Every structure is written in structure tokens, then in C-alpha cells.
Amino acid sequence: MPLSTLNREQLSAVTAPMGNNLVIASAGTGKTSTIVGRIANLIKSGVEPSSILLLTFTNKAAGEMLQRVGRYFPSSVVNRIESGTFHAVSYRWLKEMRENVILKQPNELKTLFRSIYEKRQFRRLNHDIEPFSSTYLYEQYSLYQNASFDGFDIWFIDKYPEHRVLIDIYMNIIDEYELTKDKFGFVSFNDLLLKMKELLLEEGREISEVLVDEYQDTNTLQNSLIDAIESNSLFCVGDYDQSIYAFNGANIQNIATFTKRYKDARVFTLSKNYRSTASILSLANMVIEKNERIYPKKLEVTKIDIDLPPRLLIYSELFNQYQGVAEKIKNSNTKRDDIAVIFRNNSSADGVEASLRELGINSKRKGGNSFFDAKEVKFLLDVLSLVVNQKDMMAFIHIFEYGKGIGTALAKEMFESFIHFGEGNLFRGILSPTIFTLPKLNPTKNIQLGLFDDDTQIGSISRFNGLLLDDKIKSNPILKHPKVTSNGVLFYRDFYNFLKSIRGVKQPKTMLLKLINSALYENIIDTLSTQRAKLKSGEIDRERKKLARENILRKAKLLSDLSSQYREVRRFVNAMVLGGNELSQGKGVNLLTVHASKGLEFREVYVIDLMDGRFPNRKLISRGGSIEEERRLFYVAVTRAKERLYLSFAKYDKVKKIDFEGSPFLYEAGLLT
């Protein structure tokens, strides 16, 4: 049993009576072992495995914990344990308990939100307030769902009282957005939790104990879901000093008020650090102790075989810093995979990555734009998503937005038209329509709500006589739509030809290769490579365009390689949509934002760009952040190091002509005076 490997503090927490238990697990104190031990102890005590729920912030973390539990129990027992992220568990339970939902990614829902927003013409309203952009309004609505249970209008006006004159339009946009999602069965990640909470309050679910990993990162909505489960016991593990997701709605008050909110709550503190040396921990503690202590704790060092003091590296110029760090890594005896360069802002990674490449050192980047965020990859997945589910309006809009002259609003109208032409079947409406009249698409005019669109009129098909089109395309009534241009028709033609080419195709890889080699995707390649090769003068750099094209095709090939192990398009799409962000690529030195480094550890760590303004990020502090959160970020960064820690900053940026001062955290750590 794993209990024999636990220290006294861990064992005390693991064997605590069922109830409301909070474990304060500082960096490197063995929180995973504690959670694994708790699950093992529950099973050993006779708790039914299917009534144990483990909630984590990545499916990978849940999988690793259950894998360790599997060392002591047969798979028939371990497989019955409920586990996963808040969203994954909610999605699974909703499917089991009756809900038919289609999970959509944030960027897809932003596109839907924008298509609704664009129908409002704010400039015709008589006021001096500049309306928020579609993206910002969407992000505020998403943040609200995570952070508050008051009405959006109350929450929003409290933050932005000057926008009171626009709140009716904002609310109407949100109402239409929610109605459209309901109509097509779309749900956001927030919706998964909201719907699950409602369902639990109605029907309930028998859970003996809920275990929550990284409890300090839970937001108000997630915490309310935990309460809605109404389990007999809670076992929450976290560290308030590592609460670094306030920008994403994380509420540090969840962990801070645990003993006030839960009757007879017990608090356990893990103080023995098994990761870092005494000098590294001393530096980390000197800084983090400047923050208010929510629960008393003091870390104890167990690693006594080596103790190299952290080193401060000071450079005269910014790029010299990146080159200097790369040179130190080149001369290091530490394995490349056990070295990390950590930074507060993702822009810091570019200089280090370029300097490492110049020295022939491989690196892998995490915390910036992931492979699955690349537009060329998203397009491919959107097409496959539409093949899997023809009712996926968001996938269609995202695809057709690439057509010249086709914006979000027109793409939505084209989708609705094709559905109409095919009597509910999208692909029939595209390939072989049975209805040849345009549907009524536009809303009723309402000046108060910013709706000013005119009713759609029928356009002349003869305007497309000069285009090379086959008879099937020429006869499609979409050509009657007055807003559809020649470029839009050509894009439709390429999509039409692709659909014809995949009739009878079942294998995901075969379908992807047909798509990658199609005129449709060639259009995407040309559009994106042109955008990425454009100089400030407006000219196109041919060499840049060639390289951009090669990079696009490389990513497309990687996606097709990933699809090789799948036999069904649906399974492949589901795996990419739900698990894509957790896949990683490459080997070499780890380039990580602080947020991406959390939970990881490395023998050798470089924390770079420690200049006041960059780390702490003064701009974000001025927008509602806090120096306390920035300090927690610094604490997380330095406690990733097991043996060697380097802290660096530069005095000058010759490109932007900016002088820098060292970070206040370096003064707090006693490295600057």
C-alpha cells in the first residue's frame, strides 16, 4: 500500500475522517502522493470506487494519479473511479444523465458572438460612449459566468458604470447568443459546469468523497459545482501561495475561507519539501512572506546532498541577456530536457528561442500559441467537425469566413440558406438542393436594440456568368443571395468540389489528405502565408511567404500523422477537440511561461527578464491585477528549480530604447540592494 511511503504529515491527512478536509501542500511537498494515498485509503476502508470523484485541472494529472493508484489495485477497481477535469466530468455526466450537447471551443463561440454583434450598428445611436468590441464583451461575459451569480447587467454596470446607456444592447446580444446556442445544442466550457450544476440540483448524484487538486485555482463557478454535488466528504488540496490564475477567474477566497464556509473543517499542512535545495527555498520564502499569510506554514528542507546558491545574472542589453542565457545552457552538463527557461510574458521566449537555435540547441515551447491554436490546423479540424456534424454552424462560419467578401454575418446567412435548400440537410443544400427560394434571414428592425438590417432581396445570377462553374453550382440558389460576391462563389465552388471528393471516405487520414491537397486548402495556405509575409511597407517578402507556406504544410502533415491511429472521423475530432491542448511536441530545453511551468520541476531553471515593469508586470497590475499575484508568480517560477537557479535581467533595450531597473522581487530576495 502507498501509505507506507508517506511522511507523518501526509499520513495524517490521508487517514483523516471523512468530512471537510483541506490540505495546504506547498511546492514540492508531495501533494500527488497525498491524493493517491487518500484514494487508496478510501478504497481500503470499503468506499465504493464509483462514488469517489477526483477533480483536477488537466486530464493528464487525473490519469497519472489513477495510474499510481493502479499499482495497488486491479484495473476493475481503478476504472470505476470518477475522474477528470471539471469540464470533462461535467461533459460525461451530462451525456449520461440526458443532456444532448455539442461542445464548442472559445474561438468558435467568439465567432458566433461576433456574427450577432455585427448586426448592431452602434454608430447610429446618439451617445458619446465608445462601445466595447465584440471580443472584449464576449470575454467579459465569460469572466462573469465564472465569477458571479448576479445578473450580467448588475455585474457589468458595477465594473463599467459609464456603459449603462449601452447595457440594453449588450444584454440583447447576449440573449440572442444564448438562444442561438440553445437552438443548435452548442455549449461552452462554462455552460458545461452551469448545466451540470442545474442537473445536480434537480437529480443529485451519490458521491462519497470529492477530491479536488489545485484547489487554490478554482473559480466561483467551480466551487459552486463542488457544493452542488453534496458529497459526504471533501478533500481539497492546494497552496494559496501558488494561486496565479486570477486573470482567468480563479478566486483565492475559496481556499482562504474554507474553514469559515465548511462546518468542522480540518486543515493539514505539508511542510517537508522534497524538490529544492535549502538556498532555493530560502530565496522563495524571503519573497513570498511579503504576502499576507492565510494559513501558517514553514517549509522544511529534506534535500541536503547539494546546495548551490541561486545566481543573479545581469546584462547590459536585452538581447545580450538572451544570448548569454543560451551560452550558459550550451556549456551546462544538465540534460536539455531537465533545463527550463521561465518568463512572465510570452514575448520573452522569442529571443531565447532564436539564440538557442543559433547555437544548435533544440527547444520546446509551452505556454504560447499551441499547435492546435494555429489557424491552419483549426481550419482542418473545423472541416472535419462539419463532416461529423452537419448542424455545426460554428464550424461552417469559421470555414467560410476565409472566403473573400464573406464575413461572419454572411457566413451565418449562407449556412441557414443551405440548410433551407436541403430541407434540414446542409450537404444536400450545398450539393443537390431541393428548395430554390431564399429563406427570410434578417431580424425585425429594432432601433433601440441597434438592429438596422434591411430584408434580403434576390440578386441576379447572371452577374456570375464569367466564372468557370459547372451546372450544379450555377443552379444553386445561393447565387441569388445579393451579398454573395464572385469571390464568395469561387470559395463555395472549392468547398463543393471537396465535399464531392470525400463521398464514401471513412478514414480520417484519407479525408485529411484530400483536404490538404484540395483547392479549398490551397486558398487557406495562400491567405495565411501572404498575411505572415507582409512587411510594414505592405510588400510581400517572397522568402517569408515560402517559409510560412512550408510551416503551414508541416503542421498539416503533423495533424494527418496524428490521425493515422484513428479509424473514425468522429473519434479523431473528439480527441483533438477535448485533448488537443494537452499534447506536446519536440524535445530539448523547455521554454515556459510561469503559468505553463506550474506543477513541473527541473534540475536547472533560468527565470529571465526580471525587470521592474516586466516581472512584475506593471501594465497588468494597472488593469486590475495585484503585486501579491505577481509575487506568487515569482514564487511559482523559482520553486520549479531542484538544484540550480539562475535569475537574470537586462539594463537596456536598444530596440525600444528603454532603460530598466531590476525587479523589486530581486531586492526582496536580497540579491540587489
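Numbers for the structure displayed
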quantity	calculated
Amide H contacts of M611 (H built 1.01 Å from N, under 5 Å, at least 5 apart or other chain)	S663
Residues T673 and L308, FRET efficiency given R0 of 30 Å [Cβ-Cβ distance, rounded to 0.05]	0.90
Computed P(r) (all Cα pairs; the chain; 10 Å bins; percent)	3, 13, 21, 24, 21, 13, 5, 1, 0
Theoretical FRET efficiency, 1/(1+(r/R0)^6), r = Cβ-Cβ of E661 and K328, R0 22 Å, to 0.05	0.45
Whole-Å distance, taken between Cα centres, linking region 484-517 and region 319-339	46 Å
Gained length - N574 relative to V101, 0.36 nm times residue gap less alpha-carbon distance	169.0 nm
Given K472/K545; K514/K534; K104/K506; K119/K534; K104/K619, the pairs whose alpha carbons are separated by over 25 Å	K472/K545; K514/K534; K119/K534; K104/K619
Measure of compaction for region 54-204 (Cα Rg per 2.2 N^0.38 Å)	1.33
Burial order of peptide ranges 541-548, 666-673 (average beta-carbon count within 10 Å, highest first)	666-673, 541-548
Spin-label pair L359/D526, simplified geometry with 7 Å Cα→Cβ offset, distance in nm	4.3 nm
Cα gyration tensor, region 515-640 - rounded (a/c under 1.5), prolate or oblate	oblate
Convex hull per residue volume in Å³, alpha carbons only, for region 479-518	72 Å³
Phi-based couplings in Hz for region 465-480 (Karplus 6.51, -1.76, 1.60; Gly and Pro marked x)	4, x, 8, 7, 10, 7, 4, 4, 5, 4, 8, 6, x, 4, 5, 7
Inter-site label distance for K587 and L513 at 7 Å from Cα along Cβ, in nm	2.8 nm
Rounded to 10°, Cα long-axis angle of helix 278-288 versus longest principal axis of the chain	60 degrees
Whole-number D in µm² s⁻¹ for region 245-383, Kirkwood Cα-pair radius fed into Stokes-Einstein, 20 °C, 1.002 mPa s	109 µm²/s
Whole-percent carbon and sulfur share, accessible surface of the chain, 1.4 Å	48 percent
Global form of region 1-136, assessed from the alpha-carbon gyration tensor, a/c cut-off 1.5	prolate
Equivalent ellipsoid, region 211-258 (semi-axes from 5 times Cα gyration tensor eigenvalues, Å)	18, 12, 8
Pairwise centroid distance, computed over Cα atoms, of region 519-576 with region 193-251, Å	39 Å
Spin-label model distance (nm) - T437 vs Q67, 7 Å beyond Cα toward Cβ	6.1 nm
Loop-resident sites, region 207-268, for chymotrypsin sites (Phe, Trp or Tyr not before Pro), counting at most 13 other Cβ within 10 Å (DSSP)	none
Rounded to the nearest 20 debye, dipole of region 1-126 from Cβ charges on Lys, Arg, Asp, Glu	660 debye
Helix 167-184 vs. the chain, principal-axis angle (Cα, 0 to 90°, nearest 10)	80 degrees
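The values are calculated or read from the model by the stated rules, or taken from the named source; none is laboratory data. Keep in mind it's a predicted model, so treat the numbers as computed, not measured. Cβ: placed from backbone, ideal geometry, glycine included. Neighbour counts: every protein chain shown. We work out accessible area using only protein heavy atoms, side chains counted, and drop any ligands, DNA or RNA first. Shrake-Rupley method; radii C 1.70, N 1.55, O 1.52, S 1.80 Å.
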